[in-house]
Structure formats: structure tokens, C-alpha cells
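Here is the structure we will look at, set down as C-alpha cells.
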């Protein structure tokens with residue numbers, strides 16, 4: 001054997017040794033290195049470990065040649081059907097768009113394809129944007145800061161930042177759904193409280209003046225129409241971001257009674273008469289625990305009890321900055337015909353947000369699979385991209401938040417992918433919009449969480465979290481076919497295969 005061949009053999013043996021214990025023998029190399037585009041198998045999969053040895057790596061698995069049943073077999077039950085899925089994604093804030101536009105066009109397009117493309121990337125399918133400013137905008141503004149609703153107009157943030165980025169995303173994935181949420185109405189519509197009714201010229205706090213209900217409803221209509229005129233179709237809106245949070249840099253307090261009355265007397269009728277019935281209206285958009293305000297407990301249910309308001313509403317949206325996700329189950333059980341979506345969570349300094357070894361496990365369990373397994377049709381995390389200084393951000397907003405990805409401000413090129421990027425990608429890559437979550441039977445274990453889906457394209461999807469220190473050799477059986485994969489310790493895996 002010549003020296004060249006000896007070196008080739010040695011390199012091969014080193015690769016095999018490095019892969020030992022990573023997975024099944026037929027997949028070991030693919031856990032370390034994603035398969036080439038022409039590598040195929042019966043099942044397409046992706047794996048991410050919390051130590052980044054497998055960084056959303058693709059792999060392929062073949063079906064077992066004979067039926068395989070073991071104590072670790074999970075069997076899909078398509079006869080047990082739960083919610084239809086709308087999609088998975090992140091917020092495309094003004095700060096996110098600013099950062100994306102600081103990148104070289106080729107670098108930006110590459111990242112957006114990796115994120116949103118259904119053929120070249122993760123297939124993110126849902127976006128949340130602000131109606132006017134959010135706490136991650138480049139300035140505090142609304143689309144009608146001069147008194148008089150006739151003065152409504154999209155502003156620089158929409159025209160120069162958000163819309164160009166949305167158009168590029170939609171050119172990559174035209175089916176992405178877009179949800180809008182306001183942080184504050186125009187200040188001239190605000191009062192200090194509903195007793196004194198004194199003008200409240202502040203971006204932060206205040207309440208909506210009853211005499212401007214019709215104007216504010218028209219504000220929503222004008223915003224939806226303006227975005228559509230710019231080629232951006234709006235799938236739905238929430239009535240108020242965090243209506244019980246008085247302290248955000250842009251915010252407004254809106255009790256359940258106020259939200260009920262605004263919907264039934266103004267927003268719902270205005271959408272209907274303007275031909276916007278197809279734009280979904282979601283309630284609440286805040287925490288599981290209703291910020292521990294006793295009068296606001298069961299905020300959503302109290303509005304649903306008003307049949308006129310309820311008739312205009314598709315469902316309710318939740319965040320997880322307080323309380324327990326079991327509230328989702330309670331709301332669903334009480335109002336099973338109404339939708340649930342999860343619209344915001346963030347990583348940051350307070351929860352060790354850049355520590356993937358911790359956050360990948362917790363966020364997959366609580367945010368991704370936790371909300372989906374509790375009836376949410378959509379899962380959306382906060383900022384898609386912030387820079388390495390956690391910005392751009394503003395005084396009064398979050399100074400300690402991280403994005404789903406971090407863009408190095410030194411070169412506006414280098415990207416670090418954080419836990420939220422992966423947890424959404426593991427869902428969106430295999431679970432397609434309009435999929436139905438289905439039942440499962442069989443293997444259960446502490447630290448092992450999973451969910452199964454029936455896609456409309458004739459495929460099944462399965463997503464599993466192994467939050468244990470042991471590898472788990474799991475067999476997945478769809479009733480006619482089965483495959484086996486050895487899931488690394490502290491890892492997330494996703495699978496898709498044709499029926």
C-alpha cells in the first residue's frame with residue numbers, strides 16, 4: 001500500500017472512531033456532517049445537540065426491513081387528531097430589519113434562504129411584525145402621529161426597513177403568514193384613565209379614549225390595506241401587545257372589558273364592512289398568569305362569554321413571561337372551537353440566553369413542543385436577529401434581550417445561532433402549514449418529549465427532544481413502516497417521511 005492510500009485509510013478510520021456512539025452505524029457520519037444533496041433515504045432528519053457537535057445536521061434513515069417493536073417504540077395514531085398547524089417563526093422587528101440590511105446582500109439572502117426556504121432551508125412559515133413601533137424599533141412612532149385619522153401613513157420603518165425585508169422573505173417563501181401587533185395607538189388617542197379622561201401624551205402606558213374607538217379601528221383597517229398595497233398580505237392581528245404591561249417603552253393598558261368593547265363596537269364591525277373578514281383577530285397577546293392581576297384573570301374567557309365580541313374573534317395569543325403553559329389547556333378545554341397561538345418569548349441575560357447547553361433543552365420543552373402539545377397552532381419567538389450589543393434597542397425597552405440569532409456588529413456578517421433559531425427550525429423543517437397534530441402511543445420516559453403530525457403532502461413528521469444524559473435508541477412506527485434512530489444525549493431530532 002503506498003503512502004497516499006495509507007493516509008486515506010487512516011483518515012477514514014479516524015472519522016469512524018470519532019463518530020462511534022453518535023448514532024446508528026448507517027447514520028454516524030451524517031450526524032457530524034450533513035449528507036450531500038444527492039444522499040437520500042426513506043426518512044429525512046435533522047439533529048441538534050446542546051454542545052453543538054451536531055448543529056442542525058441533516059441525516060437520512062432507511063425503513064427497517066422487517067417490523068421492529070421494542071420498549072422504545074413510538075407508534076403514530078392518525079385517528080387521534082388535534083389542532084391544524086398554521087406555522088412557526090419569529091418576529092421581524094425594526095431592529096431585525098436594520099441588522100439584516102446592514103449585511104451584504106449576498107450574505108443576507110443566504111441567511112434568509114437558510115431560514116425561510118422550504119427547499120434550501122428550515123422553512124420558517126410565520127412572522128410577527130409590529131403595527132407602528134415596538135420596543136425593538138428604530139424610534140418611537142405610530143402611523144398617525146398627527147391628530148386626525150386622515151393623516152394615517154406608513155412611516156420610514158415600514159417603507160425603508162420592514163417591507164423590503166418582508167418582500168425578500170416572501171420571494172423565498174410566498175406562503176409565509178404575517179401577524180401584526182400594536183404596542184401603542186397614536187398618543188392623541190390616549191387618556192390617563194377612563195375616569196379623568198385627561199389627554200395622555202406618552203408612548204408608555206395610558207388607555208384608549210372611548211371617543212376614538214372608531215378612529216382606532218379604522219387605523220387597523222388602513223394599516224392592513226396599506227401593507228397589502230405594498231404587496232404584504234396580513235394573515236391576522238392581535239388587538240394589543242401585552243395589554244396588562246404598563247411599563248414597556250411603547251405600551252398601553254387595555255383591560256378585558258376595554259378589549260371586549262373595542263372589538264364588538266368598533267374593530268370587528270369595521271373589519272367586516274371593509275371586507276377584511278379573512279384577517280384573523282386574536283385576543284390578549286400576553287402572559288399565562290395575566291400578570292397576576294386579580295381582575296384580569298381569565299381575560300380571554302370573559303371576552304368569549306360576550307357572544308357579539310366572540311363572533312369576531314378567531315382565538316387568543318399567549319406569551320410565557322409569567323405563569324404556566326397549562327393555562328393553554330385550560331382555555332382550550334373551556335373554548336375548544338377557538339384557536340390558540342403562541343406569539344412571544346425571548347432569551348436574554350436573565351435566563352442565560354446564549355448558553356445553548358441549557359436553553360436548547362428548556363426552550364424545546366417549554367416553548368416549542370410544550371405549546372404545540374397544548375393546542376397552539378403557531379409558535380413564534382421574539383426578535384429573529386439582534387446584533388452583538390443586543391440591539392438596536394431603546395431606553396425603556398429590553399436592554400438584555402438576545403435574538404434568535406446574533407449578528408456580529410464588528411463585521412455584520414458573522415452569525416451565531418441561538419436556541420430559539422433551532423427550536424423553530426426543528427418544527428418548521430418537517431411540520432408543514434395545515435398539518436394536523438396526531439396521537440401517539442408507546443414509549444415514554446422522563447426527559448423525552450415528542451409530537452407527531454400528519455402533513456397534507458402525504459408525509460408524516462415527528463419531532464423529539466432527548467433531555468437526558470443517555471443516548472436513546474428510538475423506533476418510530478407509522479402503522480405500516482418503521483425506522484430506528486439512536487438519538488444523542490441532550491439533543492433534538494426531527495423526521496419527515498412519505499406515508
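Quick notes on this structure:
- Hydrodynamic radius (Kirkwood) for segment 40-115, which is based on Cα pairs only, to one decimal in Å: 17.3 Å
- Ranked list, fewest to most other Cβ atoms within 10 Å of each Cβ, for 352, 454, 135: 352, 454, 135
- Subtracting the Cα-Cα distance of residue 70 and residue 349 from 0.36 nm times their residue separation leaves 96.2 nm of extension gain.
- Cα-projected label distance for residue 230 with residue 358, points at 7 Å along beta-carbon direction, nm: 3.9 nm
- Gain in span if fully extended, residue 305 to residue 481, counting 0.36 nm per residue against the direct Cα distance: 58.7 nm
- A Förster radius of 30 Å, combined with the Cβ-Cβ distance separating residue 468 from residue 120, puts the computed FRET efficiency at roughly 0.35.
- Kirkwood hydrodynamic radius of segment 302-406, from inverse mean 1/r over distinct Cα pairs, in Å: 15.3 Å
- Mean-position separation - Cα centroids, segment 370-432 and segment 135-154, in angstrom: 26 Å
- Ratio Rg/Rh [Cα only; Rh per Kirkwood] for segment 216-310: 0.99
- Sequence of 333, 86, 205, 62 once ranked by neighbouring C-beta atoms within 10 Å, starting from the fewest: 333, 62, 205, 86
- Normalised alpha carbon radius of gyration of segment 339-475 [divisor 2.2 N^0.38 Å]: 1.16
- Within segment 184-211, backbone nitrogen closer than 17 Å to the virtual label 7 Å beyond the Cα of residue 321 toward Cβ: 184-185, 203-206
- Debye-sum result for the chain in log10 I(q)/I(0), which assumes one identical scatterer on each alpha carbon, at q = 0.08 Å⁻¹: -0.50
- Order by protection proxy (mean Cβ within 10 Å, highest first), peptides 277-289, 364-376: 364-376, 277-289
- FRET E, pair residue 104, residue 175, Förster distance 30 Å, beta-carbon r, rounded to 0.05: 0.65
- Net lengthening on full extension, residue 79/residue 436 (0.36 nm per residue, minus Cα-Cα): 127.4 nm
- Value of relative contact order over the chain, rounded to a whole percent, pairs C-alpha under 8 Å and six or more apart: 21 percent
- When 325, 359, 52 are arranged by Cβ crowding within 10 Å, least crowded first, meaning fewest neighbours, the order is 52, 325, 359.
- Estimated purely from DSSP H runs of n ≥ 4, each contributing -39500 (n - 2.57), the mean residue ellipticity at 222 nm for the chain is -7000 deg cm²/dmol once divided by its residues.
- Within the chain, percent of DSSP bridges classed antiparallel, to nearest 5: 60 percent
A short reminder: the numbers here are calculations on the coordinates, not readings from a lab. Values in this document were obtained by computation on a predicted structure and should not be read as measured data. Here Cβ is always computed from backbone atoms with ideal geometry, including for glycine, and neighbour counts include all displayed protein chains.
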